[in-house]
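All remarks here apply to the structure that follows.
The values are calculated or read from the model by the stated rules, or taken from the named source; none is laboratory data. Note that the coordinates shown come from a computational prediction; the quantities given were computed from them, not determined experimentally. Positions of Cβ are generated from backbone atoms using ideal geometry, with glycine treated the same way; all protein chains shown enter the neighbour counts. Areas reflect the complete protein model, heavy atoms only, side chains present, ligands, DNA and RNA absent. Shrake-Rupley method; radii C 1.70, N 1.55, O 1.52, S 1.80 Å.
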Amino acid sequence: MKGNLFRRLRIQAGAFFCGIAAAAAAAAGAATFSKAAQYIYPGDLNTDLNVDVLDAVMLARTVGDDPELHLSDEAKRNGDIDFNGVVEANDLSHLMRQLAGYEPLSEPIKIQPETTKPPATTTTSSASETTTATTSTTTVTSAAATSAITTTSTEITTTTTASTQPYTAPELVIDGKTLPLEVSLSVLTGGNAPDELLTVQYQSCNITYAVYAGDAAHTLIGIAADDKIIGYYAFGLQYTAPEGYDVVEYVDTHSAGSGKLYAILAVKNGYSIRFNNVNDRTNLTVMGKLNYYGVNGIRAINGLTPYKWDEELAKVALGHSREMAEMDYFDHKSSDGSKFSARLTAAGIDWQKCAENIDCGYTDPFGALNGWYNSESGHRNNILSDTYTNIGIGFAYGANSYYGYYGTQDFYKGWD
């Protein structure tokens, strides 16, 4: 029912925006705020100080109970446009009318001194492919052969008496392994260097991802904000998370034990690793690498050897994602009508067999991966293929595109 509701909301929102007169859209369309402490910015759900169609999409996903969307406390306050204490369909209606120019855009509201944030709670939601995200896949067998296209509790006590009860850091437990939280990243990496450290500039701080993928079936990615661990992406079958952390469960809906948990993403309340919180959304190359480690984790738990990361192939994938984002289309073909395999050939990749997955609308690398993995079409087959050896992945953002974010996974096998 929730999925159907969200689909109806999205269709209604899309129909509403498509029907707006050009003059009205030009008259309004967006608002930009200047950041000030203790203010509510009505309609600014992605907290980027702009109110635009991306916020409307997030609000529609919230009203439709999208299981992959987890709003911060600030975003929830901003989403309550009519100030009745609930984020609901009426708020979406107001926001769409405001963006269309039928209602004045709401002004920032100063929070009164006595206002306090609601207490942090632990929420657990199941991640699945949502209606805001679309995936497609294409496979080609040999350069000369015919092509087949398929578009297819541990309870943690924090004390307040410093003299007698010292602070105890919270922990995440997954498959019996205890992972520290809210401590320096060096606690995790000391004595056990990660396979790779990846850093991204977010709006509020730098986020560093410490990747441990030597044992791919137990892939672990520590997430730190300015050196303090604020979460993990981890493979496992069971977990216990402390209060104050949002947890997304990733499940395999196609396996014999349908709905079996294979990984989780746990992030401290108030933080987000989503694309829309990245400072420079024109550069999402790190996100492709994170998606890659997730791919190999999935392959490992299915008894498959890891794919090899191919930097040249990643450039090809990123180029196609950028083209789709900038030109606002969604297709395996390039804008000139050529097939995806031609992009590999043009890049000097001597492929024997190749394949491609694309998506749009996903706003984090792990949600995009889960969508491809649980796809009804060929995306899952490409991820779990024993044919290809190399992979390259790229994500891109288009400010004026309908879906905002686009992703491409390219696979190939060379000649023996």
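Could you pull out the pairs from 315/353; 268/308; 76/177; 260/308 whose alpha carbons sit more than 30 Å apart here?
From the list (315/353; 268/308; 76/177; 260/308), the Cα-Cα distance tops 30 Å for 268/308; 76/177.
Per residue, the solvent-accessible area of the stretch 280-416 (1.4 Å probe, heavy atoms of protein chains only, all protein chains present) comes to 36 Å². Take every pair of alpha-carbon atoms less than 8 Å apart whose residues are at least six positions apart; their mean separation over the length of the stretch 196-298 yields a relative contact order of 26 percent. For the residues 97, 281, a 1.4 Å probe over the protein chains yields an accessible-area ranking, largest first, of 97, 281. Rolling a 1.4 Å probe over the protein heavy atoms of the stretch 187-267, with every protein chain left in place, gives an accessible area that is 46 percent carbon and sulfur.
From the square roots a ≥ b ≥ c of the eigenvalues of the alpha-carbon gyration tensor of the stretch 269-402, which class results: rounded (a/c under 1.5), prolate (a/b over b/c), or oblate? Judged from the Cα gyration tensor, the stretch 269-402 comes out oblate (a/c at least 1.5, b/c at or above a/b). Close amide H contacts of residue 308 (hydrogens built in the peptide plane, cut-off under 5 Å, sequence separation of 5 or more or a different chain): 390, 391.
When 332, 254 are compared by accessible area of protein heavy atoms, the largest-first order is 254, 332, using a 1.4 Å probe.
Residue-wise HN-Hα couplings along the stretch 213-218, as the Karplus relation 6.51 cos²θ - 1.76 cosθ + 1.60 with θ = phi - 60° gives them from phi, are 10, x, 9, 4, 5, 10 Hz; Gly and Pro carry x.
Couplings 3J(HN,Hα) for the stretch 304-313, derived from phi with the Karplus relation 6.51 cos²θ - 1.76 cosθ + 1.60 (θ = phi - 60°), are 10, 6, x, 6, 8, 5, 10, 5, 5, 5 Hz, where x marks Gly and Pro. In summary, the aspartates and glutamates within cross-link reach of residue 333, defined as a Cα separation below 17 angstrom excluding same-chain residues under 8 places away, comprise 323, 356, 359, 410.
Highest mean packing comes first when the peptides 69-81, 370-382, 176-188 are listed by Cβ atoms within 10 Å, giving 370-382, 69-81, 176-188.
Annotation: aspartates and glutamates with alpha-carbon distance below 18 angstrom to residue 228 (same-chain offsets under eight excluded): 171, 182, 196, 243, 246.
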